[in-house]
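Student: First the structure, which I've put down as structure tokens, then a few questions once you've had a look.
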Amino acid sequence: MSDRARHRNSASPSAGIEVGLNAAIVAVEDVTPLILVVEAGGAERHSLPFGPFDPVGHRTLEIGLRAWVEAQTHLKLGYVEQLYTFGDRGRHAQPSARDPRVMSVGYLALARRSPESDDMLARSAAAWRAWYGYFPWEDWRGGRPAPLDAILPLLSEWAAQKPDKDAPARGISRRDRVRLAFGIGDVPWDEERVLERFELLYEAGLVEEAGRDGRPAALARKHLPAFGLSMRHDHRRILATAISRLRGKLKYRPVVFELMPETFTLTELQRTVEAIFGQHLHKQNFRRLVEKGQLVEPTGATATATGGRPAALFRFRREVLQERPAPGFRLGGRA
């Protein structure tokens, strides 16, 4: 008997795999990064737009994703890229052993908010929400985020405990994972470690999803902390992956301009980048990076609604995409 046949015979007759398509759709308004969520019964029921892949009706995964997003939000997506495939058992709120295994394919999409898009959203159950509401420890623009004062002692307490016997073996201790992810001691804060930080909070039972999914660390706690808004299924995990990807991608690809209007001031551009990174940037250094990278070009017009002197308007210089392989923002750290 072949290995494939033996596997087929040993599998449960009711076992199956369902492919889900999930979209983390990002926009930025003024200084607030936004994520599009589908609301169903209150904040604790927020989800990313999602739906099952139809192998007959959807020629490709991306076509299926775009169809589901349009059906749920009335929006037509522009920039889209695939993130990751999520297939961990138990990340869908304790499914029974006989339920299909869900393989979630996550996507990052970038959008420009406009009155027209808001009119379309008004006809759906979808709405824009600030992404730092789900990850309040990620925004350093106002100084060290207050939630860290409560998070770090609890993580330190968890790190000192002996791991469960069925916990996956790792080549690094819990204590070092926390130190590296949260920038403790001489380790700098790395804005791209969004997913690692959320995974640590989940493992330590410090987010609502961990209690809902029956994680032992969460069930052992008398009171489950509420660090950020929760989402349905493992959608906050997918969103964390999207934020990590976007923060990293800005450094070597000019994807920020997918979030900008056709014309903008350099101040508006800097505030958008700062909103995504969750940290303030040195004004002159940022402008030197933009100038050196030849990412923008002046339009010759000015903006008068800036509260001060008229500011020059710029547009993205698309020729840079053909001129060099990594035209992004080589950013160094908080100002």
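Student: Give me, ordered by chain and number, the residues 5 or more places off His282 or on other chains with an amide H under 5 Å from its own placed amide H.
Tutor: Those lying under 5 Å, H to H, from His282 are Ala335.
Student: Take the residue pairs Lys162/Lys251; Lys249/Lys283; Lys162/Lys249; Lys251/Lys283 and return only those whose Cα atoms are more than 27 Å apart.
Tutor: Beyond 27 Å between Cα atoms: Lys162/Lys251; Lys162/Lys249.
Student: Taking every DSSP beta bridge that has both residues in the chain, what percent is antiparallel when rounded to the nearest 5? It would help to have the intermediate numbers written out before the result.
Tutor: On the way: 26 of 36 bridges.
Percent antiparallel among DSSP bridges in the chain is about 70.
Student: Add +1 for every Lys or Arg and -1 for every Asp or Glu among the other residues with Cβ under 10 Å from the Cβ of Phe182, and state the total.
Tutor: Surrounding charge for Phe182 is +2.
Student: Which GluC sites (Glu not before Pro) in segment 234-328 pass both tests, a DSSP loop state and at most 13 other beta-carbon atoms within 10 Å?
Tutor: Here the GluC sites (Glu not before Pro) that fit, given the DSSP loop and packing criteria, are Glu262, Glu319.
Student: If you don't mind, another one. Counting helices only, and only those DSSP H runs with n ≥ 4, report the 222 nm mean residue ellipticity of the chain as the sum of -39,500 (n - 2.57) divided by its residues, in deg cm²/dmol to the nearest 500. Walk me through the numbers on the way to the answer.
Tutor: Working: 12 runs with 111 residues, N = 335.
The per-residue figure over the chain is -9500 deg cm²/dmol.
Student: Quick one: which residues, 5 or more positions from Leu83 or on another chain, have an amide H under 5 Å from its amide H? H modelled 1.01 Å from N in the peptide plane, none for Pro or chain starts.
Tutor: Close amide H contacts, sequence-distant or interchain: Gly106, Tyr107, Leu108.
Student: Read phi for every residue in segment 23-37 and hand back ³J(HN,Hα) as whole Hz from Karplus 6.51 cos²θ - 1.76 cosθ + 1.60, θ = phi - 60°, with x for Gly and Pro.
Tutor: 10, 9, 9, 10, 9, 10, 10, 6, 10, 10, x, 10, 10, 7, 10
Student: Still on this model: Amide H neighbours of Gly51 under 5 Å, counting only residues 5+ apart in sequence or on other chains, H built in-plane at 1.01 Å?
Tutor: For Gly51, the qualifying residues are Leu21.
Student: Taking each full run of DSSP H in the chain as one helix, which ones are at least 20 Å long along their axis (Cα atoms) and have mean Kyte-Doolittle hydropathy of at least -0.5?
Tutor: Numbers: long enough: 235-249 (21 Å, -0.45).
Within the chain the helices that satisfy the rule are 235-249.
Student: Can I ask one more? State, to one decimal in nm, how far the label point of His74 lies from the label point of Glu262, with both points 7 Å from Cα in the Cβ direction.
Tutor: Distance between label points: 2.4 nm.
Student: Hey, for a label at Lys162 modelled as a point 7 Å past Cα toward Cβ, could you say which residues of segment 223-241 have their backbone N under 13 Å away?
Tutor: From segment 223-241, the list is empty.
Student: Also, I was wondering about something else. Calculate one ³J(HN,Hα) per residue across segment 207-213 by plugging θ = phi - 60° into the Karplus curve 6.51 cos²θ - 1.76 cosθ + 1.60, and present them in order as whole Hz with x for glycine and proline.
Tutor: 10, 4, 4, 5, x, 5, 8
A short reminder: the numbers here are calculations on the coordinates, not readings from a lab. Keep in mind the model is a prediction, meaning the values are calculated, not measured. Cβ coordinates were reconstructed from backbone atoms using ideal geometry, including for glycine residues, and neighbour counts include every protein chain displayed.
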